[in-house]
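Undergrad: Quick one: the structure is below, questions incoming.
Values in this text are rule-based calculations from the coordinates and carry no lab data. No experiment lies behind these values; they were computed from the predicted model shown. Glycine also receives a Cβ, built like all others from the backbone with ideal geometry; neighbour counts cover every protein chain displayed.
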């Protein structure tokens, strides 16, 4: 009997189904109409129509971050495809799994500068984990299978599949491969036992150890193991921006965030540590400060699934390539096979020293009697804490304040663009988060600059009845850039004063709820009203323009040169 | 300290692989001194040979980054082991009658082959290592050359 034949568009859908995909984000266009036709006739995969392709990709990433499943986006060729580039790069830098399907002009037109043609494979080559141009419909199912495999294994990342129009029309039998065979791709999951033993020996002998927990811990689902190891050996834990929630911040052993706007004591602990145990972090310059001065007197153990991250920035003494969960588990097993001896005098000396450093903290200063952004963010945190919200942020001052004042005890609740630092990420990511977790309260804390980069997505929220509470910290400036200008460019506020529409009226125009808050006593009532609303909300917090984010380690300075207030001079 | 390294990279023979490898070098600020690429006996795979000047730390990163590319199967830094390296050069020399014998002598001494002769030009070809190629360049310089091409290195581990 002849095998049943399917069009490329049908194979696309059947492959997603086989892959267990139930929700995708996209925007139609000329060359992918066949897929939209196939989508029209089914109800297994729900398609969310956004208002800009960039939002589709950020929403897919928000979805992936919250659910742990790969996010899927579908866009047309040319501008549809190029609009996804920022989002692809964003997911690549922060290491989240996406499979991005782009339409392409027909095979015979490729290279002829056809209408809406873009070489998206060439364009995305350096900002995705892998990409494919499908040239034969018979390859489509295999390519999709491989793409999901690559996106979700090793260090996760985005994979792009470019599908020419004729491939979607051509027919082939459908068979979804059970296995993936890629000779050149074998991520290392198990840590080398010898390296693990060497690391443990060093950790046991350490007098001033500190753990740095990064986004890789979240990816590996290794929070439990990390916490256990830290508690067994009584080692304090600092986290990176991406590692927020990987170690319970309510624990007394948590040092909170380190780095440019990290805690004074977290930075000091890292600078003075004799052994640094870094797990799932790539030692970005925002956490190392001046690289030459970082970890000069300490031994560094680095656990990471991506061999490229090891010794790329910081020279590592004991590298362990592997999945954080596996490696930490193996460490705990070896550790608990013998009695753990902790020299409490040594340990206490170290912890007391850290407690001493903890006395030094930035005291938020609001230079006028206008509403303080810090006050707003702290109040949002306190008020929403009982709801266990998922918090997304945009990029800038508000992002750092959120990282400083929101405390999380579990991963996948703080969604922010770390590596690429993409303004406009938060709101669409919040939409993805709201879809991935329909029962959670989703807050997007935004600046007035960032929110205007993807504000059109309010329409998407309204279409699907999604509730995102946007808290716009509206200070009339691109605050973080303004902060740099104030301190480093003689208060020359070049192009950083930014106007906004009336966010309340704008929200109402979309059919959403708009609330304006200008006084401290109105914060809580506004939040209460937002919680009670059954649709998306914009709260326009009109705040002081000249508040600064402290602590602050200026770019290029060592981690212990921490500015705690405006009065401190730049060295 | 930066030194010359010869990287032998085994890749799957598919469209775009060379771009991925070359993009990696340019995107991360590494330099390519020479590059050759051709299919292996099994045409499903290709061999890319790249020579690059870099510090040992940079080479380690380059090798790791290359490994990260999905179609890359194997990366060997042949400079670490002893390797046999060869390159083809072809040089076209405009020969005056009185120099003809000298050019032929140079060819004989250096082991270059005369592969084309017209009434005006001689073309020599040599398969050699870097040192021998430099020697040939020095020898023919006084006569002036019209064209000079080299293939870029190929290399194989010794033994």
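Undergrad: How do the peptides A:559-568, B:135-144, A:239-248 rank, highest first, by the average count of neighbouring beta carbon atoms within 10 Å per residue?
TA: Details: A:559-568: 16.4, B:135-144: 14.2, A:239-248: 26.8.
Going by the mean number of other Cβ atoms within 10 Å, highest first, we get A:239-248, A:559-568, B:135-144.
Undergrad: How many Cβ atoms of partner chains, on average, are near each residue of B:68-75 if near means within 10 Å of its Cβ?
TA: Other-chain Cβ atoms within 10 Å of each residue's Cβ, averaged: 5.
Undergrad: How far apart, in nm, are the 7 Å Cα→Cβ label points at residue A:115 and residue B:12?
TA: 3.5 nm
Undergrad: Please list log₁₀ I(q)/I(0) at q = 0.08, 0.09 Å⁻¹ for chain A, using the Debye equation with identical point scatterers on the alpha-carbon positions.
TA: -0.56, -0.71
Undergrad: Let me ask another. Among DSSP bridges having both ends in region A:5-173, what percentage is antiparallel? Round to the nearest 5.
TA: Taking every DSSP beta bridge with both residues in region A:5-173, the antiparallel ones total about 10 percent.
Undergrad: In addition: Show me the three semi-axes of the equivalent ellipsoid for region B:61-145, from the C-alpha gyration tensor (sqrt of 5 times each eigenvalue), largest first, rounded to whole Å. Numbers along the way, then the final one.
TA: Values: eigenvalues 291, 35, 20 Å².
Over the Cα atoms of region B:61-145, the semi-axes work out to 38, 13, 10 Å.
Undergrad: In nm, to one decimal, how far is the modelled label at residue B:41 from the one at residue A:521, with both set 7 Å along Cα→Cβ?
TA: 8.9 nm
Undergrad: Can you give the convex hull volume of the alpha carbon atoms of region B:1-129 per residue, in Å³?
TA: Enclosed volume per residue, from the Cα hull, is 158 Å³.
Undergrad: Here's something else I'd like to know. For the peptides A:152-163, A:132-143, A:327-338, what is the packing order when you average, over each peptide's residues, the other Cβ atoms within 10 Å and list the highest mean first? Intermediate results must be reported in sequence, preceding the final value.
TA: Values: A:152-163: 24.7, A:132-143: 19.8, A:327-338: 17.2.
In decreasing order of mean packing, A:152-163, A:132-143, A:327-338 become A:152-163, A:132-143, A:327-338.
Undergrad: Ranked highest first by average number of other Cβ atoms within 10 Å, how do A:56-68, A:363-375 line up? Write out the running numbers ahead of the final one.
TA: On the way: A:56-68: 28.8, A:363-375: 16.5.
The packing order, highest mean first, is A:56-68, A:363-375.
Undergrad: Same structure again: How high is the relative contact order of region A:5-173, in percent, with contacts defined as C-alpha pairs under 8 Å that are six or more residues apart?
TA: Over region A:5-173, the number comes to 28 percent.
Undergrad: Also, I was wondering about something else. May I ask you to derive the FRET efficiency for residue B:130 and residue A:313 from their Cβ-Cβ distance with R0 = 35 Å, giving the value to the nearest 0.05?
TA: For residue B:130 and residue A:313, the calculated efficiency is 0.55.
Undergrad: Still on this structure: In nanometres, what is the gap between the two model label sites at residue A:439 and residue A:566, each 7 Å from Cα along Cα-to-Cβ?
TA: The modelled label-to-label distance comes out at 4.6 nm.
Undergrad: Explain nothing, just the number: relative contact order of region B:84-157, from Cα pairs under 8 Å at least 6 residues apart, as a whole percent.
TA: That works out to 52 percent.
Undergrad: Can you figure out the FRET efficiency of residue B:102 with residue B:156, using R₀ = 45 Å and their beta-carbon distance, to the nearest 0.05? Walk me through the numbers before you get to the answer.
TA: Numbers: r = 35 Å, r/R0 = 0.77.
Here the calculated transfer efficiency is 0.85.
Undergrad: Hey, what angle do you get for helix B:100-110 against the long axis of chain B, alpha-carbon based, 0 to 90 degrees rounded to 10?
TA: Tilt of helix B:100-110: around 40 degrees.
Undergrad: Here's something else I'd like to know. Roughly speaking, what is the centre-to-centre gap between region B:5-44 and region A:72-126 when only Cα atoms are used, to the nearest Å?
TA: With region B:5-44 and region A:72-126 each reduced to a Cα centre, they are spaced 23 Å.
Undergrad: Once fully extended, how much extra length lies between residue B:94 and residue B:32, figured as 0.36 nm per residue of separation less the alpha-carbon to alpha-carbon distance?
TA: Residue separation times 0.36 nm, minus the Cα-Cα distance, leaves 19.2 nm.
Undergrad: What does the extension gain come out to for residue A:341 and residue A:17, with contour length at 0.36 nm per residue minus their alpha carbon separation?
TA: Gain on stretching residue A:341 to residue A:17: 111.4 nm.
Undergrad: Could I ask something else about it? Quick check: from the Cα gyration tensor, does region A:5-173 come out rounded (a/c under 1.5), prolate or oblate?
TA: Rounded, since a/c falls under 1.5.
Undergrad: Based solely on its DSSP helices, what 222 nm [θ] is calculated for chain A when runs of n ≥ 4 H residues each add -39,500 (n - 2.57) and the sum is averaged over all residues, nearest 500 deg cm²/dmol?
TA: Using -39500 (n - 2.57) per qualifying helix, the result is -10500 deg cm²/dmol.
Undergrad: Go ahead and run the numbers for FRET between residue A:528 and residue B:80, Cβ-Cβ distance against an R0 of 41 Å, rounding to 0.05. Please report the intermediate quantities before stating the final value.
TA: Values: r = 67 Å, r/R0 = 1.63.
The computed FRET efficiency comes out at 0.05.
Undergrad: At 0.36 nm per residue, and after removing the present C-alpha to C-alpha distance, how many nm does the segment from residue A:139 to residue A:274 gain when stretched out fully?
TA: Extra length available between residue A:139 and residue A:274 comes to 43.3 nm.
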